[in-house]
1. Please note which strands (runs of 3 or more DSSP E) are completely contained in the stretch A:548-594 and include at least 2 residues that are touching a strand residue (DSSP E or B) at 6+ places or on another chain (Cβ under 6 Å) and modelled with pLDDT under 85.
2. Of all residues in the stretch A:79-107 being assigned to a loop (DSSP other than H, G, I, E, B) and touching a helix residue (DSSP H, G or I) at 6+ places or on another chain (Cβ under 6 Å), which is surrounded by the fewest Cβ atoms within 10 Å (Cβ to Cβ)?
3. Identify all residues within the stretch B:72-102 that are without any contact (Cβ under 8 Å) to a residue 60 or more places away in the chain, surrounded by 18 or more Cβ atoms within 10 Å (Cβ to Cβ) and not in a strand (DSSP E or B); write none if there are none.
4. Which one of these does residue B:105 not meet: (1) surrounded by fewer than 17 Cβ atoms within 10 Å (Cβ to Cβ); (2) more than 9 Å from chain A (Cβ to nearest Cβ); (3) outside any strand (DSSP E or B)?
5. Taking residue A:634, is it under 39 Å from the mean Cα position of the chain (by Cα), surrounded by fewer than 17 Cβ atoms within 10 Å (Cβ to Cβ) and either away from chain B (no Cβ under 14 Å) or in a strand (DSSP E or B) (or both)?
6. Of A:40, A:16, which residue is modelled with pLDDT of 80 or more and either in contact with a helix residue (DSSP H, G or I) (Cβ under 9 Å, 6 or more places away or on another chain) or not in a helix (DSSP H, G or I) (or both)?
7. Of (1) farther than 27 Å from residue A:109 by Cα; (2) in contact with a helix residue (DSSP H, G or I) (Cβ under 8 Å, 6 or more places away or on another chain); (3) modelled with pLDDT under 80, residue A:282 satisfies all except one. Which?
């Protein structure tokens, strides 16, 4: 699969994670025992590794994996943070940054293996565990390079046919006492930008002298009219090994063969050949000079063009678009919010002081204003909506890679990729979904033999279904694998001291399964780079909750597991029904309301000591909001009750309120960090008269 | 977070003097964002008991704490001179605390402050002497802390 369109996201996210890492390491340097920071550092490294893996940047993944290992040891208190380690970690960050810069420039991570750093990391862990540092694993790549660099095969540069002018130039160089070296350079077969590589080689060697002969011609090299090798002669006073090293240092160069060239050698060989008409030597140098100059701008144009090729192709599909900084949209959104608050206060003035504003046109204008602000808000919201496609499209490739790595057959089925979500949500939903999919692939699915034994299809299926439901977007991620072994989780939790045996007795299956969302609770028996370090589910949960959503898990042993992620469609402004309970006002999102009912007290029935009502064939449990919200009791109960029927997934419930105040567009504001996060209240809003009303989170009432 | 102790040792500091019950308290002025009259406070169900609720401060939602309840004093009696002092803390944002009365701003140098050393679990980090009057100086970070 083509991942180039995600490069931008990858680069952004990597930058972000690198920043987090470096910030956290700075903190660790000062407070080596700061658990939160260690956890954060670990998560960032983990995400970084996952992302590099997804994009197929193996070297980067390798390095981050080993870095993560170190954090793992720190997290489990096996290693103390010390200054040597901090130094090493910063070296790692630099190396990762170097990869990232390569990626930015050429969509490729480059060829630097950073074996030294990786060895140091491993030594670090080994010494910490009381082992002697192992001898470094022979850097295979480098030996290979060294082998092939030996001029064993034909000295290609000697076979060149030279023009008289070039021969004159060589002779002239020899006469003036400088050496002429012949070079043959082979470029890696997978190299996409051969001309760029060639240019870099020329640039590197030109520091040592002047190139007098190009084969193929410099123009052809620029136009990539060559296979995988090219040759040149250079006149230089420097040592040949230096030049060779400079040329070989350019990435994606497979080998460099070189040697001293004597004019007689060439002449001797060429004597048999017919002489060509020699152009004046002056012109040759001029050509050489101009080409050298020309290659520079040419090169600059070349690179971005090649890098952009694929993203550009992807963009054309979406039609005419412009890229807008999300911050600008946020600012616009805030202004729309303010406008709506101002409009709401005008509406309430109009309503309360209607005596003073009998003018019909005043009300008309307010209604007009209302329509405009609503439309404006919708437009702004739509601008911020993007399909989740951009995030989920990287998953098939990931699953394919995982299938190979885990040696399990599996297939990913996705639906609803065109489901739209607020951009900020989409940006942050990638990580959690990725974790869930990896979990499914690694822990969820059984290996092929087990599946066959159990009578399941050999190829495991993993699914990701997204769809909109009211004001929420639901994303279900799951598999048809083994399911979660609730008993095993229970045992493990007791073993780890997460819960006591007595507590475990009283916990429902659902509560036990929810233990998996606790930090550092992993069921994996061995650590792989896919999952099983106990980061993951807790991160998934906290990430999703930070977006105002929630995650649930349903599992059945032997049949599979499904994670249901519920996300709010919009973050800032919603349509809400305002209700009154005694003298307090609350807002309930319209999206979660199905119907409004008026019932008599004597219609309330009891099932298992719970109040329910029976409406159109459905038995719906009642929730008395005044009790849930600790509002003062009413002296006498009213005969008629107002019930709001709300839904969460397939479940329904009836909320009893005192009064309905009507529908209103409200701006969601956070309650701040001081007040204990009680899940029933998801935020607050400011009403037209400046009063604050709280927003009920219906999902938390079930 | 700025350590108010360190700063106070070097320079003169300004405090807003407020009255809670019969005692006078000083609040480091660098934490104070605003002082507003009492307005309708919207109760937040299930919040910590010492949080009276939230108010609308120019379009932002600001939680309001009863410092009396936090310090285990008797509940607030709201009068015409009651005020909400809006504190601004870098990490957690704005927070309002209810006081009975705002009196004045005083400048205290370090030798006018008697530090209570060794005592823990207190909201007071020192006693300031302003003429004959004694002012208990609030440790803002302790007030903001979740548990006493």
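1. It comes to A:573-581.
2. By that ranking, first place goes to A:79.
3. Within the stretch B:72-102, just B:76 meets the criteria.
4. (3)
5. Criteria not met by residue A:634.
6. Being modelled with pLDDT of 80 or more and either in contact with a helix residue (DSSP H, G or I) (Cβ under 9 Å, 6 or more places away or on another chain) or not in a helix (DSSP H, G or I) (or both) holds for just one of A:40, A:16, which is A:40.
7. (2)
Rundown of residues vs (1) touching a strand residue (DSSP E or B) at 6+ places or on another chain (Cβ under 9 Å); (2) in the same structural domain as residue A:394 (by TED's automatic domain parsing); (3) under 30 Å from residue A:595 (Cβ atoms); (4) buried (at least 17 other Cβ atoms within 10 Å of the Cβ), yes/no style:
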| position | (1), (2), (3), (4) |
| --- | --- |
| A:426 | yes, yes, no, yes |
| A:429 | yes, yes, no, yes |
| A:432 | yes, yes, no, yes |
| A:438 | no, yes, no, yes |
| A:441 | yes, yes, no, yes |
| A:458 | no, yes, no, no |
| A:462 | yes, yes, no, yes |
| A:469 | yes, yes, yes, no |
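The values are calculated or read from the model by the stated rules, or taken from the named source; none is laboratory data. The structure presented is a predicted model; accordingly, all values stated were derived computationally and were not measured. With ideal geometry, Cβ positions are generated from the backbone for all residues, glycine too; neighbour counts draw on all protein chains shown.
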